[in-house]
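For reference, the structure discussed in these notes is given below.
The values are calculated or read from the model by the stated rules, or taken from the named source; none is laboratory data. Since the model is a prediction, treat every value here as computed from it, not as a measurement. Cβ coordinates were reconstructed from backbone atoms using ideal geometry, including for glycine residues, and neighbour counts include every protein chain displayed. Heads up: the accessible areas ignore ligands, DNA and RNA and are worked out on the full protein's heavy atoms, side chains in. Shrake-Rupley method; radii C 1.70, N 1.55, O 1.52, S 1.80 Å.
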Amino acid sequence: MERKTVEVLFENFSRQFVNNNNQLEENLKIKIDQLYTQLESLSWLQSSLSLKGSLPPLRGWPVSPDFLLMLHSWIKKNKPKVIVEMGSGASTLVIADALRQNNSGFLFSFEHLKKYGNQTWKSLVDEQLTSWVDLRICELSSWNRDHLNPPESKTPSRWYSSNFEGISDIDILIVDGPPGTVCSYSRYPALPAFIDRLSVNAEIWLDDANRQDEKDIFKRWAELYAFDVEYVPLEKGLAKLTRSSRYPTDSYSKSVMNTFKIGNEDFEHTLGLNFSLPEK
């Protein structure tokens with residue numbers, strides 16, 4: 001092999017090595033920054049809680065510390081009367097603690113796995129928080145209403161089977177279940193199920209908004225139910241949906257809007273309006 005060829009190969013190898021090394025350093029810096037953010041959020045959260053014990057582990061599937069800190073702060077500030085969450089765990093304890101500190105409000109929590117539901121209830125008992133929570137452990141059953149999961153899917157649509165009677169005027173709906181392994185777009189039914197039980201100024205918080213399924217879900221919710229979306233760049237992503245100015249507040253306008261949501265058409269299509277989200 002000629003000397004010139006060897007020099008060219010060595011130069012290319014050196015350049016590739018430097019590029020790879022720089023990319024590794026950048027990725028490591030990002031991971032360190034993310035870890036610091038979670039540790040900082042956990043520290044602030046712990047100083048805000050009145051719990052005697054510790055929270056369950058917050059790595060892996062559970063919600064992240066930055067989400068819990070934002071949620072606890074929001075409840076303390078806004079003092080919601082009715083909260084509904086899909087998926088119990090650390091968030092249940094954090095919500096109940098904030099309600100107790102406010103001395104007002106109530107949480108309806110839904111869990112489909114008895115094992116985890118019982119663990120959460122035991123923690124609530126230990127922290128004397130049971131008077132602030134109605135924890136409903138219910139199996140997942142077939143969901144035959146509006147869904148993004150294709151009818152021909154190998155994993156049929158399922159959702160919480162509990163009776164939701166008695167729940168109304170929800171101020172914040174927190175969607176962190178069921179897991180994505182249940183079916184495609186597994187969390188989509190949350191808003192169709194509770195849309196008529198929300199208060200006028202209700203907020204919907206969708207965790208794991210970095211995932212494509214959740215992105216498709218909150219985009220569809222916004223288009224169909226006239227919500228504005230704010231994306232919060234937390235560790236796992238958070239989509240916050242709030243009532244849009246186009247949402248009718250009087251009973252007559254609501255009835256007209258509901259009339260247009262029949263069959264495969266919705267009111268924005270019928271009225272010739274476009275409520276689609278911008279690409280950004």
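Can you tell me which of (1) among the charged types (D, E, K, R); (2) assigned to a loop (DSSP other than H, G, I, E, B); (3) more than 30 Å from residue 181 (Cβ to Cβ) is the one residue 11 doesn't meet?
The one condition residue 11 does not meet is (2).
Being within 14 Å of residue 193 (Cα to Cα), open to solvent by less than 60 Å² (accessible area, probe 1.4 Å) and in contact with a Leu (Cβ under 7 Å, 6 or more places away or on another chain) is the filter here; which residues of region 127-160 pass it?
Selection gives 159, 160.
In the set 52, 77, 115, which member is open to solvent by 60 Å² or more (accessible area, probe 1.4 Å), under 23 Å from residue 137 (Cβ atoms) and of a type in the set (D, E, K, R)?
Of 52, 77, 115, the one residue that is open to solvent by 60 Å² or more (accessible area, probe 1.4 Å), under 23 Å from residue 137 (Cβ atoms) and of a type in the set (D, E, K, R) is 115.
Go through region 48-63 and count every residue that is under 18 Å from residue 233 (Cα atoms) and either at pLDDT 95 or above or part of a helix (DSSP H, G or I) (or both).
Matching residues across region 48-63 total 0.
Identify all residues within region 224-234 that are buried (at least 17 other Cβ atoms within 10 Å of the Cβ) and either in contact with a Leu (Cβ under 6 Å, 6 or more places away or on another chain) or over 14 Å from residue 205 (Cβ atoms) (or both); write none if there are none.
Within region 224-234, 224, 225, 226, 227, 229 qualify.
Going by the conditions given, is residue 41 in contact with a Ser or Thr (Cβ under 8 Å, 6 or more places away or on another chain), part of a helix (DSSP H, G or I) and modelled with pLDDT of 75 or more?
For residue 41, the condition - in contact with a Ser or Thr (Cβ under 8 Å, 6 or more places away or on another chain), part of a helix (DSSP H, G or I) and modelled with pLDDT of 75 or more - is met.
With a cut-off of at least 2 residues that are within 16 Å of the chain's Cα centre (by Cα), name the helices (runs of 4 or more DSSP H) lying wholly within region 85-202.
It comes to 90-102, 190-194.
Scan (1) more than 27 Å from residue 162 (Cα to Cα); (2) surrounded by 10 or more Cβ atoms within 10 Å (Cβ to Cβ) for the single condition residue 59 breaks and write down its number.
Answer for residue 59: the failing condition is (2).
For the list (1) more than 18 Å from residue 167 (Cβ to Cβ); (2) open to solvent by 10 Å² or more (accessible area, probe 1.4 Å); (3) in contact (Cβ under 8 Å) with a residue 24 or more places away in the chain, I need the number of the one condition that residue 124 fails.
For residue 124, the exception is condition (2).
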